[in-house]
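The values are calculated or read from the model by the stated rules, or taken from the named source; none is laboratory data. Model, not experiment: these values are computed from the prediction. We place every Cβ from the backbone using ideal geometry, glycine too, and count neighbours over all the protein chains shown.
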Amino acid sequence: MFNAPTTLHPSHHSLPTMLFFIAGIMQGSHTASLMHGQDYRLRLTQLLESHFPEAEIYDPLAEHKTSLGYDKLTGREVFFRHNLMCREVDVLLAFIPEASMGTAIEMWEAHRHGAAIFTISPMAHNWAVKFLSHAVYADEADFEAALRNGDVARRIEEILSPERKKPT
């Protein structure tokens with residue numbers, strides 16, 4: 001689903017080209033056909049691009065801006081395709097200021113397939129957040145600080161290192 005080269009890139013991080021998936025609240029607990037604010041997606045994409053310039057970043061909403069209006073078949077197809085994509089990514093960045101069932105599923109799929117999972121959420125005690133995330137940041141500012149000081153890149157390198165994936 002992604003077409004990313006596997007060679008090392010010359011950016012300021014010595015990580016191979018990576019595939020990032022921006023997961024995050026869309027409908028949340030709305031009972032009507034509404035979406036929560038989605039401005040965070042552009043901000044997070046820009047942050048990731050500035051720190052991982054060779055990375056491929058996928059934002060599901062960018063390709064499906066009118067998804068709430070999709071017919072049942074199209075919506076189902078997109079929902080399942082996005083969940084399958086989370087099996088193929090290197091890094092999943094979840095933005096969940098409140099509970100999001102779709103994001104939890106994406107996190108689970110990424111977790112089961114060895115991706116690094118970083119979550120921006122005040123819900124540090126929520127079990128899906130707590131047990132599926134490699135790191136949890138209370139807000140975007142905390143995540144940005146971790147990007148700037150290199151913590152995120154170091155954690156990705158540790159999580160995705162071939163040594164860590166070897167059977168013990």
Residue check: is Ala116 under 13 Å from the mean Cα position of the chain (by Cα) and at pLDDT 95 or above? yes
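So, Glu163, is that one assigned to a helix (DSSP H, G or I), under 11 Å from the mean Cα position of the chain (by Cα), modelled with pLDDT under 95 and not β-branched (Val, Ile, Thr) or not? Break it down into steps so the answer makes sense when it comes.
On the way: assigned to a helix (DSSP H, G or I): yes; under 11 Å from the mean Cα position of the chain (by Cα): no; modelled with pLDDT under 95: yes; not β-branched (Val, Ile, Thr): yes.
Considered against the rule, which asks whether it is assigned to a helix (DSSP H, G or I), under 11 Å from the mean Cα position of the chain (by Cα), modelled with pLDDT under 95 and not β-branched (Val, Ile, Thr), Glu163 comes out as no.
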If you go through segment 80-100 one residue at a time, how many are among the aromatic types (Phe, Trp, Tyr) and loosely packed, with under 15 Cβ neighbours inside 10 Å? 1
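Evaluate the following for Ala94: is it at pLDDT below 95, among the hydrophobic types (A, V, I, L, M, F, W, C), within 28 Å of Ala141 (Cα to Cα) and touching a helix residue (DSSP H, G or I) at 6+ places or on another chain (Cβ under 7 Å)?
Values: at pLDDT below 95: no; among the hydrophobic types (A, V, I, L, M, F, W, C): yes; within 28 Å of Ala141 (Cα to Cα): yes; touching a helix residue (DSSP H, G or I) at 6+ places or on another chain (Cβ under 7 Å): yes.
In short, no.
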Where Arg87 falls short, out of the listed (1) in a loop (DSSP other than H, G, I, E, B); (2) at pLDDT below 90; (3) under 28 Å from Glu158 (Cβ atoms): (2)
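Going by the conditions given, is Glu109 at pLDDT 90 or above, of a type in the set (Asp, Glu) and not in a helix (DSSP H, G or I)?
Spelling it out, it is not the case that Glu109 is at pLDDT 90 or above, of a type in the set (Asp, Glu) and not in a helix (DSSP H, G or I).
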What's the number of the condition Arg155 fails, among (1) surrounded by 22 or more Cβ atoms within 10 Å (Cβ to Cβ); (2) at pLDDT 95 or above? (1)
In segment 128-144, which residues are under 14 Å from the mean Cα position of the chain (by Cα) and not small (Gly, Ala, Ser)? Val129, Leu132, His134, Val136, Tyr137, Glu140, Phe143
May I ask you to list the residues in segment 82-135 that are in contact (Cβ under 8 Å) with a residue 60 or more places away in the chain, charged (D, E, K, R) and farther than 10 Å from Phe21 by Cβ? Glu98
I'd like to know if segment 60-83 contains one or more residues that are in contact with a strand residue (DSSP E or B) (Cβ under 7 Å, 6 or more places away or on another chain), in a helix (DSSP H, G or I) and not basic (Lys, Arg). no
Where a residue in segment 136-155 is without any contact (Cβ under 8 Å) to a residue 40 or more places away in the chain and its partner, wherever it lies, is surrounded by 18 or more Cβ atoms within 10 Å (Cβ to Cβ) and not in a helix (DSSP H, G or I), with Cβ under 6 Å and at least six apart: Val136/Thr119; Tyr137/Ile120
